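Read through the structure below, which is laid out as structure tokens, and then see the notes.
Just so it is clear, none of the values below were taken in a lab; they were calculated from the coordinates. As the structure is a computational prediction, the values presented were derived from the model and not from experiment. In this analysis, Cβ positions are derived from the backbone assuming ideal geometry, glycine residues included, and neighbour counts consider all displayed protein chains.
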Amino acid sequence: MLGLMMADQLRVASVLEHVAKWHGDTEIVSRLPEGSIHRYTYAAARQRSKQLAQALLKAGIQNGDRVGTLAWNTHRHFELYFGVAGIGAVCHTINPRLFPEQLVYIINHAQDRLLFFDLTFLPLVEKLAPLCPKVEKWVLMAGSQHLPATSGLPGLCSYEDLLAAESADYEWPMFDENTACSLCYTSGTTDQPKGVLYSHRSTVLHALSISLPDGLGCSARDVVMPVVPMFHVNAWGLPYAAPLNGAKLVLPGAGMDAASLYELFETEGVTFSAGVPTIWLGLLQFMREGQRRFTTLQRTIVGGSSCPPALMAAFENELGVTITHAWGMTETSPLGTSGHLKAKHRNLTPAESLPIRVKQGRAIFGVDMKIVGDDGRELSQDGVAFGDLLVRGPWVVRDYFGSGTPGELTADGWFRTGDVATIDPDGYMQITDRSKDVIKSGGEWISSIDLENLAVAHPAVAEAAVIGVPSAKWAERPLLVVVRRPGMDVAAQELLDFFRGKVAKFWEPDAVEFVEQLPHTATGKLLKTQLRKDFAGYELP
Ligand code: AMP
């Protein structure tokens, strides 16, 4: 027997309609790549998203067509999220930090018909356009005064001109909630990038779930500033969760440096933010240098890479800002786990609860997870056994876009994350490595992430990576590769001694190498494949 409740379809346009109706005067503030601060309301955002929708329809965009964006976090990008998806087309956010060859591959693979780009990326798109002949129109996300006098870009026009020609008199069409709404390619450190195609249903359910107090947590009393870019997994869903809850949204544009971020935190009264560890490490240094304080910021989410415990402790003790550690992937929309405490931890001091909170956290409702051994059998959740992390749920990828090959699913329908993790008896998951990065010494696993987290707690270490190098006796041993903090000196032996007593003896790295910088992926993660190439043939002392 079917239930007798209304069968409204979940659509992202309903989120915009909700916020415009019930929080119409709440603001969206953006730092524009053109240099100025733009401020308007959710009611105005709805109007302009509808104007955009009409412009897209006039350009012949139909249900399922891909519309690409190469853009920072701004109100125009927000309008594209809703305007494109609202008509049933697919908003394809592209990471401008990828190599040009990867960008060309992605744009052609997705068959983007239109491409919207920020002023910052004009030189880049001029190089890409001849290699992306399927793009019919390139739209500069700015006013017409910023259009270049000459350009080889087909159909070039300005975003503001496009909108100005349209009215906001438009009703969003109704369609099946399983319709695709956005597309994001993985950064592809080894293979070609792969497209993850989100649906309206997965996006709305994810936004609801991350809004829960033990998800990322979001409310109408929050002022939310996603520092994580809107071109990387939909800024962790915050451009949907903020309007869903009626929170003010602050979008930092291209201003990702600590000074620009701090200025926005303070002038806009930001209470809640989210970003990768690198952002917070930079901000911490900036705050310390100027003995600065946050007046409104209460908490931030750190994810994308492991959050060093020293960073979490410094934010809390020195700046009064709580860091919640979270884990996810492009393939999981992205949120899978977050590291909030349980009632049983209530009496722990912050120092006592730190070892729990530095884990990647508990599964949020909607995501199930388990760890398995090489034989595919589930391992014990004892906080000790390491295994391949598998997940499943309504916002986890089933198959990659246009891949023609099966995705990373097990026979019984779990997604192989490629991460190696432990899960403790309270359900807290801890990532120890990417499966390809695991170090195996004398048959025992060593967590490179744990060693890296420890190394960055040393005052002279700006960044650290640990890779396995061949050893005649142990098969593999850990090598620590370090970038020193500017103006600070430290000897290799001092760093090796730093691990003593903090990890099992056989985990201690055998050697240290100092480098000027470490290789990163386009999303800021350590590129260990490159590092292993750099140190190929390395001989331990
Ligand atoms: P991406 O799809 O680019 O967002 O990358 C997803 C991968 O980033 C995951 O599979 C993890 O390897 C890594 N990752 C994400 N969050 C964390 C975290 N909190 N700690 C450690 N690794 C993380």
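Among 256-262, 2-8, the peptide with the highest mean count of other Cβ atoms within 10 Å heads the list, and the full ranking is 256-262, 2-8.
When the chain is fully extended, how far beyond the present Cα-Cα distance does HIS345 get from ARG97, taking 0.36 nm per residue of separation?
Numbers: separation 248, 0.36 × 248 = 89.28 nm, distance 4.07 nm.
Result for the pair: 85.2 nm of gain on full extension.
For HIS23, the amide hydrogen comes within under 5 Å of no other amide hydrogen, counting only partners 5 or more places away or on other chains and with H modelled in the peptide plane. Between the Cα long axis of helix 12-22 and the first principal axis of the chain there is an angle of about 70°, rounded to the nearest 10.
The Stokes-Einstein estimate for the range 214-345, based on a Kirkwood radius over Cα pairs and taken at 10 °C with 1.306 mPa s viscosity, is a diffusion coefficient of 107 µm²/s. Phi angles across the range 451-466 convert, under the Karplus curve 6.51 cos²θ - 1.76 cosθ + 1.60 with θ = phi - 60°, into 3J(HN,Hα) values of 5, 5, 4, 5, 4, 6, 6, 6, x, 8, 9, 8, 8, 9, 9, 10 Hz, Gly and Pro given as x.
Based on the Stokes-Einstein relation at 20 °C and a viscosity of 1.002 mPa s, and on the Kirkwood radius from alpha carbon pairs, the chain is assigned a translational diffusion coefficient of 88 µm²/s. Fully extending the segment from ARG416 to ASN317 would add 31.9 nm, taking 0.36 nm per residue of separation and subtracting the current Cα-Cα distance.
In the range 1-36, which residues have a backbone nitrogen under 20 Å from the label point lying 7 Å from PHE175's Cα in the Cα-to-Cβ direction? Under cut-off, by backbone N: 7-18. Once the C-beta distance of ALA43 and ARG398 is scaled by a Förster radius of 30 Å, the resulting FRET efficiency is 0.25 to the nearest 0.05. For the range 494-500, backbone phi angles converted through the Karplus equation (6.51, -1.76, 1.60; θ = phi - 60°) give residue-by-residue couplings of 4, 5, 5, 5, 4, 7, 4 Hz, Gly and Pro being listed as x. Taking only the C-alpha atoms of the range 12-275, Rg followed by Dmax gives 17.1, 52 Å. Applying the criteria of a DSSP loop state and at most 15 other Cβ atoms within 10 Å to the GluC sites (Glu not before Pro) of the range 119-201 yields GLU136, GLU171.
Computed 3J(HN,Hα) for the range 160-175, one whole-Hz value per residue from the Karplus formula 6.51 cos²θ - 1.76 cosθ + 1.60 where θ = phi - 60°, is 5, 5, 4, 5, 4, 7, 10, 9, 8, 7, 7, 10, 4, x, 8, 8, glycine and proline marked x. What angle do you read, to the nearest 10 degrees and between 0 and 90, between the alpha-carbon axis of helix 309-319 and the longest principal axis of the chain? On a 0 to 90 degree scale, this one is about 70.
Highest first, please rank the peptides 233-240, 329-336 by the mean number of other Cβ atoms sitting within 10 Å of their residues.
Ranking the peptides 233-240, 329-336 by packing returns 233-240, 329-336.
Distant-in-sequence amide contacts of SER471, defined by a placed amide H-H separation under 5 Å and a gap of 5 or more residues or a different chain, comprise GLU476, ARG477.
Remark on GLU463: its backbone amide H falls under 5 Å from those of VAL483, a criterion applied only to residues 5 or more positions apart or on other chains, H modelled at 1.01 Å from N. Under the 0.36 nm per residue contour assumption, what length would be gained going from the current alpha-carbon distance of HIS520 and LEU57 to full extension? Working it through step by step, the gained length comes to 162.8 nm. With helices as the sole contributors, the chain gives -8000 deg cm²/dmol at 222 nm; each DSSP H run of n ≥ 4 counts as -39500 (n - 2.57), and the sum is divided by every residue.
A crude spin-label estimate for the pair ARG293 and ARG532, with each label 7 Å from Cα along the Cβ direction, gives 4.8 nm. Under 1.5 on a/c is rounded, so check that first for the range 1-101, then, if it is not, pick prolate when a/b is larger than b/c and oblate when it is not; a ≥ b ≥ c are the square roots of the alpha carbon gyration tensor eigenvalues. Verdict is oblate for the range 1-101. Given the Cα atoms of the range 437-541, and with Rh set as the inverse mean 1/r over their pairs in the Kirkwood sense, what is Rg to Rh to two decimals? Rg divided by Rh gives 0.93. Label zone (SER144, point 7 Å along Cα-to-C-beta; backbone nitrogen cut-off 14 Å) within the range 160-186: 160-166. Relative to the dominant Cα principal axis of the chain, helix 200-211 is inclined by about 60°.
Please compute the contact order of the range 346-434 in relative form: average sequence separation of alpha-carbon pairs under 8 Å and at least six residues apart, divided by the residue count, as a percent. Taking the mean separation of contacting Cα pairs over the length of the range 346-434, I get 31 percent.
The label point for GLU378 and the one for MET5, both projected 7 Å from the Cα toward the Cβ, are 2.7 nm apart.
Across all Cα pairs in the range 121-234, the calculated P(r) in 10 Å bins from zero up to the longest distance comes to 10, 24, 35, 26, 5, 0 percent per bin. Under 17 Å from a label point 7 Å along Cα→Cβ of LYS505: give me every residue in the range 400-444 with its amide N that close. Backbone N within reach: 441-444.
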